[in-house]
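Okay, structure first, notes after.
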Amino acid sequence: MSNELQQLQHSLLEWANSASTLGWLSTDNVDSLQQLSTATPSDLFNAENRPLVAALFGGTGVGKSTLLNRLAKDDIARASAARPTSTNITVYVHSSIAVDHLPDEFPMQRMQTAIHQNKRYQSVMWLDMPDFDSVEAGHRDLVTQWLPHIDLLVYVVSPERYKDDQGWRLLLEHGAKHAWVFVINHWDKGDERQRADFSQLLNNAGFDQPHIFCTDSSGDPNAVDEFSELETTIDSLADAQLVSQLEKRGVVKRVEQLASQASSMQSQLGTSEQLQLCKSHWQQLWSTASTELITASDYKAQLIAEQFIEPETSLLSYLPWRKATESAEPATSSEPKALADDLFFSHANTAIDRFVQQSSAAGLPYAALHRHLSPLKSQWRESLPAVVNKALAKSLALPGDRWQRVLYRVLGWLATLLPLIALAWVAYRVVVIFQTSGSNPDNYLGSNFAVHSAMLIGVAWFIPWFLRLRTKPSRQAAALRGLRQGLQQSVDKIDIDCQQAIESFSAERDQLANNLSDVVAGQGSFDDATLPASLKRMLMNSA
Ligand SMILES: Nc1nc2c(ncn2[C@@H]2O[C@H](COP(=O)(O)OP(=O)(O)OP(=O)(O)O)[C@@H](O)[C@H]2O)c(=O)[nH]1
Ligand SMILES: [Mg+2]
């Protein structure tokens with residue numbers, strides 16, 4: 001595995017693990033990233049000049065082993081009419097080639113090696129693979145384990161089974177990472193229409209002018225086929241420079257595969273447009289939900305405010321016998337019922353849950369948004385009752401409006417001051433009349449004076465006292481106003497907290513997206529145009 005690939009996969013895995021822990025991705029993403037193989041053919045060898053790794057791949061009984069025997073001009077691979085025949089990988093390798101690193105997961109007992117001295121294949125390591133479409137799952141596993149280590153796949157089909165589903169699926173999935181040539185074996189039973197049809201299929205899959213060789217391996221000495229063209233084409237690939245170019249291209253293709261996985265993970269983070277929509281969606285949702293919440297809580301505020309009703313303040317209430325029978329104390333001492341109660345929180349929580357669900361339906365990750373918003377629920381339970389109580393206490397401390405309170409205070413002073421002034425005036429009159437009564441016996445204070453004086457003092461006290469009584473700010477109204485203010489402040493706090501949570505959700509998304517872009521930035525590219533025309537025909541056009 002190239003260092004570049006190893007590092008990229010490691011960084012992507014690290015990123016995906018943290019994104020998944022934060023709820024932005026499912027663990028499936030981490031798993032599929034882990035399953036992406038970044039192995040390359042050069043992993044098998046120490047030597048700089050490694051051979052081309054070519055494999056015969058295809059469905060059951062198409063003649064893969066027979067073809068290898070033809071190439072080797074020897075019966076090195078078991079080929080027979082019994083199905084399935086090849087249960088193991090046969091490696092046909094020149095004695096000068098050392099396979100230094102077979103991956104630990106490769107089952108050695110399922111690999112047989114045929115070492116040869118054939119100069120023609122000095123630079124090619126041939127593999128005969130079991131049938132990929134086998135009923136035996138083990139055959140499929142063996143093929144997929146070896147696949148990343150192969151440069152060239154010789155896809156063998158038969159005239160009647162060239163549309164083989166499983167092989168075709170593998171071709172589409174992994175096609176871009178390898179070079180391909182195609183063989184229609186059993187050509188003794190085939191015709192040109194099948195070649196044309198197969199060629200068309202390959203065209204559609206992304207191969208321009210694919211190499212298709214028709215071979216008859218029945219052993220008929222008179223058979224005419226394209227086996228030698230197949231051999232020559234493969235010989236032309238067994239060139240150190242081409243092998244190194246194929247290796248580079250393979251690395252780039254694997255990097256591209258990782259990058260495409262990264263881009264699919266990035267799309268799961270949601271786009272900035274989606275986040276913008278999510279913010280305005282919250283505003284709409286909360287504007288409706290908070291109005292409903294305030295309306296639903298208002299009757300409760302009125303009930304609570306009733307606890308603050310003043311004792312009766314009519315004249316009659318000042319009568320001594322009324323005092324004896326009725327409590328003059330307002331109900332301020334009793335604890336007010338909670339306005340931010342279970343029902344209040346249940347309404348607020350339902351709105352939050354609905355918002356998270358709708359945002360997730362709009363493409364944002366549920367778990368991440370939930371993680372940002374759900375802790376607020378318990379915080380509000382702690383803090384909002386205090387917000388309401390504070391607003392209530394503040395309003396009760398200053399009942400009525402400012403002018404009402406000034407008037408009430410002035411009337412209080414007047415209720416004391418005016419009777420005192422009236423009393424002073426009466427006293428003055430008494431003193432003056434008394435002094436002059438000696439010289440003028442008519443100046444005598446009669447009962448009229450006494451009655452009028454008493455009335456004057458009484459009126460001077462009664463009028464401001466009565467007006468004061470009437471203008472006294474209502475504690476009930478003050479309580480209701482305080483409760484409503486507390487309710488509004490609570491609803492505003494929920495709004496602000498949620499907006500902040502959405503902001504931090506959005507910032508986290510941007511941070512993750514930036515980190516991911518940094519991880520995949522600056523990866524190399526490979527231009528297929530630099531390759532010889534014959535090799536280009538073997539490459540799948542992934543665009
Ligand atoms: N008529 C005909 N028979 C062939 C041809 N090629 C191979 N056979 C026969 O087909 C049978 C299967 O060949 P194998 O080479 O074992 O096929 P395989 O693809 O290796 O099969 P598995 O290993 O089971 O996947 C054998 O009996 C071969 O002799 C061919 O071109 N024409
Ligand atoms: Mg076989």
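The numbers here are math on the coordinates, done by the rules we state, and not lab data. This one's a predicted model, so the numbers in the text were calculated from it and none came from an experiment. Backbone-built Cβ (ideal geometry, glycine too); neighbour counts: all protein chains shown.
What angle do you read, to the nearest 10 degrees and between 0 and 90, between the alpha-carbon axis of helix 240-268 and the longest principal axis of the chain? Rounded to the nearest ten degrees, it is 20. Mind grabbing the base-10 log of I(q)/I(0) for segment 432-543 at q = 0.13, 0.14, 0.15, 0.17 Å⁻¹? Debye formula, identical points on the C-alpha positions, no solvent, two decimal places. For segment 432-543, the Cα-only Debye profile gives -0.90, -0.93, -0.96, -1.03. Computed log10 I(q)/I(0) for segment 55-156 at 0.11, 0.12, 0.22 Å⁻¹: -0.29, -0.35, -1.24, from the Debye equation with unit scatterers placed on every C-alpha and solvent omitted. Secondary structure note: in segment 49-268, about 10% of the DSSP beta bridges are antiparallel.
Lys390: which lysines have alpha carbons under 22 Å from its alpha carbon, excluding same-chain residues fewer than 8 sequence positions away? Reachable lysines: Lys300, Lys337, Lys377, Lys493. Taking a straight Cα-Cα cut-off under 19 Å and skipping sequence neighbours fewer than 8 places away in the same chain, the lysines within cross-link reach of Lys472 are Lys394. Under 5 Å from the amide H of Cys214 lie the amide H atoms of Ile184, Glu226, each residue being 5 or more positions distant or on a separate chain, with H modelled from the backbone and absent for Pro and chain starts. Relative to its residue count, the chain spans a Cα convex hull of 226 Å³ per residue. Radius of gyration (Cα atoms) of segment 168-271, expressed as a multiple of 2.2 N^0.38 Å: 1.43. Rounded to the nearest 20 debye, the dipole magnitude of the chain is 3760 debye, with +1 charges on Lys and Arg beta carbons, -1 on Asp and Glu beta carbons, and the Cα centre as origin. Annotation: extensible slack from Ser272 through Asn17 equals 89.6 nm (criterion: 0.36 nm per residue apart, minus Cα-Cα distance).
Quick one: if the Förster radius is 51 Å, what FRET efficiency do Ser260 and Lys394 give, using the C-beta to C-beta distance and rounding to 0.05?
E(calc), rounded to 0.05, equals 0.30.
What FRET efficiency would be calculated for the residue pair Leu102, Ser374, taking the C-beta separation as r and a Förster radius of 45 Å, to the nearest 0.05? Walk me through the numbers before you get to the answer.
Values: r = 50 Å, r/R0 = 1.12.
Step by step, r from the Cβ atoms, then E = 0.35.
Once the gyration tensor of the Cα atoms in segment 401-472 is diagonalised, the equivalent ellipsoid follows with semi-axes of 35, 11, 5 Å, ordered largest first.
The angle between the Cα long axis of helix 447-471 and the longest principal axis of the Cα atoms of the chain comes to about 0 degrees, rounded to the nearest 10. Of the chymotrypsin sites (Phe, Trp or Tyr not before Pro) found in segment 380-460, those that fall in a DSSP loop while having at most 11 other beta-carbon atoms within 10 Å are Tyr444. A cut-off of 5 Å between modelled amide H atoms, ignoring neighbours fewer than 5 places along the same chain, links Glu310 with Arg475, Gln476.
Across segment 230-235, coupling constants 3J(HN,Hα) worked out from phi with the 6.51/-1.76/1.60 Karplus curve, θ = phi - 60°, read 4, 4, 5, 4, 6, 4 Hz, and Gly and Pro carry x. Straight-line cross-link reach from Lys248 at under 30 Å between alpha-carbon atoms covers these lysines, not counting any fewer than eight positions away in the same chain: Lys64, Lys119, Lys177, Lys536. Over all distinct Cα-Cα pairs of segment 49-268, the Kirkwood formula returns a hydrodynamic radius of 18.0 Å. Comparing Asn349, Leu202, Gln404 along the charge dipole axis of the chain, the residue lying farthest to the positive side is Gln404, per the Cβ-charge model. Beta-bridge orientation, the chain: approximately 15 percent antiparallel, per DSSP, counting only bridges with both partners inside. Couplings 3J(HN,Hα) for segment 18-30, derived from phi with the Karplus relation 6.51 cos²θ - 1.76 cosθ + 1.60 (θ = phi - 60°), are 6, 5, 6, 4, 7, x, 8, 9, 7, 5, 4, 5, 5 Hz, where x marks Gly and Pro. Distance from the C-alpha centroid of segment 74-123 to that of segment 201-265: 20 Å, rounded to the whole angstrom.
Once you have the Cα-Cα distance between Thr87 and Ser346, take 0.36 nm times their residue separation minus that, and quote the gain in nm to one decimal.
Details: separation 259, 0.36 × 259 = 93.24 nm, distance 6.37 nm.
Length difference between fully extended and current span is 86.9 nm.
Considering only C-alpha atoms, what is the centroid distance from segment 408-461 to segment 493-543, in Å? Computed from Cα coordinates, the inter-centre distance equals 97 Å. Principal-axis analysis of the Cα atoms of the chain puts helix 475-520 at an angle of about 20° to the longest axis. In a reduced charge model with +1 at each Lys and Arg Cβ and -1 at each Asp and Glu Cβ, segment 401-472 shows a dipole moment near 540 debye about its Cα centre. Residues whose amide H falls under 5 Å from that of Met125, counting only those 5 or more places apart or on a different chain, are Leu52, Val53, Ala54, with hydrogens built in the peptide plane. Coordinate range of the alpha-carbon atoms in segment 363-508 per principal axis, descending: 107, 21, 21 Å.
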